[in-house]
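Below: the structure, in structure tokens.
The values are calculated or read from the model by the stated rules, or taken from the named source; none is laboratory data. Keep in mind that this is a model prediction, so the values were computed, not measured. Note that we place each Cβ from the backbone using ideal geometry, even for glycine, and neighbour counts take in every protein chain shown.
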Amino acid sequence: MTNGLPFQGGDTIWRLVPNKDKVFSIGGEIPQPTGSGPRHAVIHDGILVTLHELSNTIVTQRIPPLGQNSSDIISNLSVVPEDQAALEGAKFGAAEVLIPSPNAAFPSTLVYASNRNIGPNDDPRGDAIAILTLDADGKLQLVNQFFTGLKQIRGMQFGGPDNRFLAASGVAGDGGVIVFERVGKGDEFVQVASNKDIQNLTSFVWV
């Protein structure tokens, strides 16, 4: 409950604002497509990038001024590989979205979105991470689908020099954690480490 109101999603991103006592209340909303199920979001240069669990889509919008409770959708793309979408019995639930800060090694603004196949039939390649470019106008373009060998990726996080490494975990099948290294322009990965004994991780912190 917030200010006596039930805090429900309803395909909406709620905006919270603090008062002088640092108590937060609802200060507005940014509606999302009906039935999309917004799960995780990141902000880059005033662009809101939202990953939707139910529709398995990624959407960009400009963050509107407070008091303006709408924002046009700039891009709305699927994060599911086309050949996986055709997999019989597959059901998907997108999970995590990341935008590592551009740097000298990887100067492009890239968006990484995991998608989980939560259906009964698995792809032997595992679940994929969609890799997209994000331009200054908030437009997304899919550049690659990297298959990880993991099942139901819940958590992933960048770390190391130049945010070169990505740790990702699967919560189904053999589970485990795999560390990948970004190569090329950041639109490809190579595996550098793995541990199948670590199970059911949903988040990472690099130290």
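For residue 111, which of the numbered conditions (1) surrounded by 17 or more Cβ atoms within 10 Å (Cβ to Cβ); (2) touching an Asp or Glu at 6+ places or on another chain (Cβ under 9 Å) fails to hold?
Answer for residue 111: the failing condition is (2).
Are there any pairs with C-beta distances below 6 angstrom linking a residue in the stretch 108-134 that is on the phi > 0 side of the Ramachandran plot to a residue that is among the hydroxyl-bearing types (Ser, Thr, Tyr) and buried (at least 16 other Cβ atoms within 10 Å of the Cβ), with the two at least 6 apart or on different chains, and if so which?
Once the first residue is on the phi > 0 side of the Ramachandran plot and sits in the stretch 108-134, its partners that are among the hydroxyl-bearing types (Ser, Thr, Tyr) and buried (at least 16 other Cβ atoms within 10 Å of the Cβ) give 126/148.
Considering the stretch 26-82 alone, what residues qualify as being within 28 Å of residue 126 (Cβ to Cβ) and among the hydrophobic types (A, V, I, L, M, F, W, C)?
Those that are within 28 Å of residue 126 (Cβ to Cβ) and among the hydrophobic types (A, V, I, L, M, F, W, C): 41, 42, 49, 51, 54, 58, 59, 77, 79, 80.
Looking only at the stretch 32-52, count every residue that is of a type in the set (Ser, Thr, Tyr), part of a loop (DSSP other than H, G, I, E, B) and either in contact (Cβ under 8 Å) with a residue 60 or more places away in the chain or crowded, with 17+ Cβ neighbours inside 10 Å (or both) and tell me the total. Reasoning before the result, please.
First, pick out the residues of the stretch 32-52 that are of a type in the set (Ser, Thr, Tyr): 34, 36, 50.
If we keep only those that are part of a loop (DSSP other than H, G, I, E, B) as well, we get 34, 36.
Right, trim to either in contact (Cβ under 8 Å) with a residue 60 or more places away in the chain or crowded, with 17+ Cβ neighbours inside 10 Å (or both) and you get 36.
Selection size over the stretch 32-52: 1.
Any residue at all in the stretch 172-193 that is polar (S, T, N, Q) and farther than 19 Å from residue 95 by Cα?
There is at least one residue in the stretch 172-193 that is polar (S, T, N, Q) and farther than 19 Å from residue 95 by Cα.
Yes or no, residue by residue, for (1) of a type in the set (Ser, Thr, Tyr); (2) outside any loop (DSSP other than H, G, I, E, B); (3) out of contact with any helix residue (DSSP H, G or I) (no Cβ under 9 Å at 6 or more places or on another chain):
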| position | (1), (2), (3) |
| --- | --- |
| 16 | no, yes, yes |
| 54 | no, no, yes |
| 60 | yes, yes, yes |
| 102 | no, no, yes |
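Looking only at the stretch 85-100, filter to residues that are assigned to a loop (DSSP other than H, G, I, E, B) and touching a helix residue (DSSP H, G or I) at 6+ places or on another chain (Cβ under 9 Å); which one of those is surrounded by the fewest Cβ atoms within 10 Å (Cβ to Cβ)?
Residues of the stretch 85-100 that are assigned to a loop (DSSP other than H, G, I, E, B), as a first pass: 86-91, 99-100.
Restricting the remaining residues to those that are touching a helix residue (DSSP H, G or I) at 6+ places or on another chain (Cβ under 9 Å) gives 90, 100.
Numbers: 90: 16, 100: 19.
This residue is 90.
Residues of the stretch 159-176 being surrounded by 19 or more Cβ atoms within 10 Å (Cβ to Cβ) and either in contact with a Phe, Trp or Tyr (Cβ under 8 Å, 6 or more places away or on another chain) or aromatic (Phe, Trp, Tyr) (or both), which ones?
Residues satisfying the conditions are 163, 166, 167, 168, 169.
Please specify each residue of the stretch 24-46 satisfying the condition of being modelled with pLDDT of 95 or more and of a type in the set (A, V, I, L, M).
Within the stretch 24-46, 30, 41, 42, 43 qualify.
Going by what's in this entry, would residue 61 be described as under 19 Å from residue 153 (Cα atoms), in contact (Cβ under 8 Å) with a residue 40 or more places away in the chain and either among the polar types (S, T, N, Q) or surrounded by fewer than 17 Cβ atoms within 10 Å (Cβ to Cβ) (or both)?
Numbers: under 19 Å from residue 153 (Cα atoms): no; in contact (Cβ under 8 Å) with a residue 40 or more places away in the chain: yes; either among the polar types (S, T, N, Q) or surrounded by fewer than 17 Cβ atoms within 10 Å (Cβ to Cβ) (or both): yes.
When the stated conditions are applied, residue 61 does not pass them.
Can you name the residue in the stretch 165-205 that is in a loop (DSSP other than H, G, I, E, B) and among the charged types (D, E, K, R) and, of all such residues, is farthest from residue 143 (Cα to Cα)?
The residue in question is 197.
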